[in-house]
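Here is the structure we will look at.
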Amino acid sequence: MAAATAQPPSTSTMTGNSVFSAPGWVKSFYSTFPLVVLEQEDEVDWKVRAKQGGDHAVELWIHPPSPSSGHHPHSHYRSWTSSSPSSLRTQLLFLLRETSSNVPVSFKSWSNEISAPGGILPTLHILNQDRLLATDEIRGWLESTYPLKGKGKELQGLPSREAYDRALALSHLILGNLLPAYLASLPTQPSNFHLLFPIPPPLSAGLTTPLPASLTGDSRDIDTDEVIRKGVNALDTIEVILENTNSGWLFDARHPTSIDALVTSHLHVIYSLPPSTVLRSNMDSRPTLGEYVDRVLDYAEKRMKK
């Protein structure tokens with residue numbers, strides 16, 4: 001990258017005009033800390049991408065994918081899948097969408113999450129409007145802009161009301177048990193980890209301490225072994241459901257649906273954990289789950305290439 005070093009204010013004189021003479025401390029400052037003007041490293045090219053895409057071309061900002069999975073390699077790795085279950089779920093919601101035409105979406109790794117709307121990823125960039133949608137607005141935009149086709153759109157593509165109710169129960173199990181178990185298996189947990197539980201775990205400092213939370217912190221007394229045990233039980237449930245499925249998709253849907261996006265995204269990230277962790281070792285021992293993850297991701301990849 002080219003750079004130009006700015007010169008301190010001149011002390012010379014020009015014909016007919018006297019040029020400002022910089023004080024000594026200014027010249028001393030510039031000699032120690034020269035002002036360097038850097039060229040722009042990247043270009044604002046969204047306008048070009050907007051022209052190249054369709055009227056509804058969008059770009060999904062996601063948590064970056066795992067770095068080639070070099071530390072904990074597994075056979076289910078895909079270079080395009082985000083390392084975050086929330087971002088990967090949204091990727092799959094777009095790719096698995098059964099509409100009259102595929103959603104013209106592209107994915108952009110975004111490492112500075114705090115700069116996203118609300119400080120949370122994923123974020124949707126609607127290119128032709130130069131508009132950013134926060135995480136909780138993306139699903140509504142997708143539903144209204146690309147409504148599901150067919151008679152079963154009220155059931156999200158599932159074959160019956162019973163299947164829809166079972167999918168809803170499974171989604172609660174995934175978000176309430178499997179997601180906390182995955183986060184508990186990470187080397188460090190996010191600061192809002194305790195908010196995932198229906199009953200917030202007690203403060204580690206106790207309720208009777210006279211010290212303010214600003215001094216004691218908001219750390220919680222969480223039994224991670226119990227959290228992971230519930231996650232393993234959730235894997236049991238998913239495996240049983242898949243073993244009783246004939247179509248290859250959850251609850252015998254004709255094609256993958258939003259419940260497949262949710263389940264696959266939360267199963268796939270487990271493979272990025274170290275093989276010695278309880279949750280990863282349980283996943284590795286269940287080939288049915290691995291085959292299902294590959295089936296959904298293969299289906300999504302084919303739609304990326306269309």
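The values are calculated or read from the model by the stated rules, or taken from the named source; none is laboratory data. Just so it is clear, the structure is predicted and the values come from calculations on it, not from any experiment. Positions of Cβ are backbone-derived with ideal geometry, glycine not excepted, and every protein chain shown enters the neighbour counts. Each accessible area value is taken on the protein alone, full model and side chains, heavy atoms only, with ligands, DNA and RNA left out. Shrake-Rupley method; radii C 1.70, N 1.55, O 1.52, S 1.80 Å.
Scanning the stretch 150-175 for residues that are within 25 Å of Ser66 (Cα to Cα) and open to solvent by less than 30 Å² (accessible area, probe 1.4 Å) yields a total of 2.
The residue that is farthest from Gly248 (Cα to Cα), counting only those in the stretch 117-147 that are aliphatic (A, V, I, L, M) and crowded, with 18+ Cβ neighbours inside 10 Å, is Leu127. Of all residue pairs spaced 6 or more apart or on separate chains, those with beta-carbon atoms under 8 Å, a first member in the stretch 182-197 that is in contact (Cβ under 8 Å) with a residue 40 or more places away in the chain and a second member that is open to solvent by less than 70 Å² (accessible area, probe 1.4 Å) and part of a loop (DSSP other than H, G, I, E, B) are Tyr182/Leu273; Ala184/Ile222; Ser185/Leu273; Ser185/Thr277; Leu186/Leu273.
Among residues of the stretch 68-87 that are under 25 Å from Thr123 (Cβ atoms) and part of a loop (DSSP other than H, G, I, E, B), those with a beta-carbon under 9 Å from a residue that is at pLDDT below 90 and open to solvent by 40 Å² or more (accessible area, probe 1.4 Å) at least six positions away or on a different chain give the pairs Tyr77/Ser68; Ser79/Ser68; Trp80/Met304; Ser83/Pro67.
One residue stands out in the stretch 132-170 among those that are part of a helix (DSSP H, G or I) and among the aromatic types (Phe, Trp, Tyr): the one that is farthest from Ser86 (Cα to Cα), namely Tyr164. Residues Val269, Val227, Val296: which one is surrounded by 20 or more Cβ atoms within 10 Å (Cβ to Cβ) and modelled with pLDDT under 95? Exactly one of Val269, Val227, Val296 is surrounded by 20 or more Cβ atoms within 10 Å (Cβ to Cβ) and modelled with pLDDT under 95, namely Val227.
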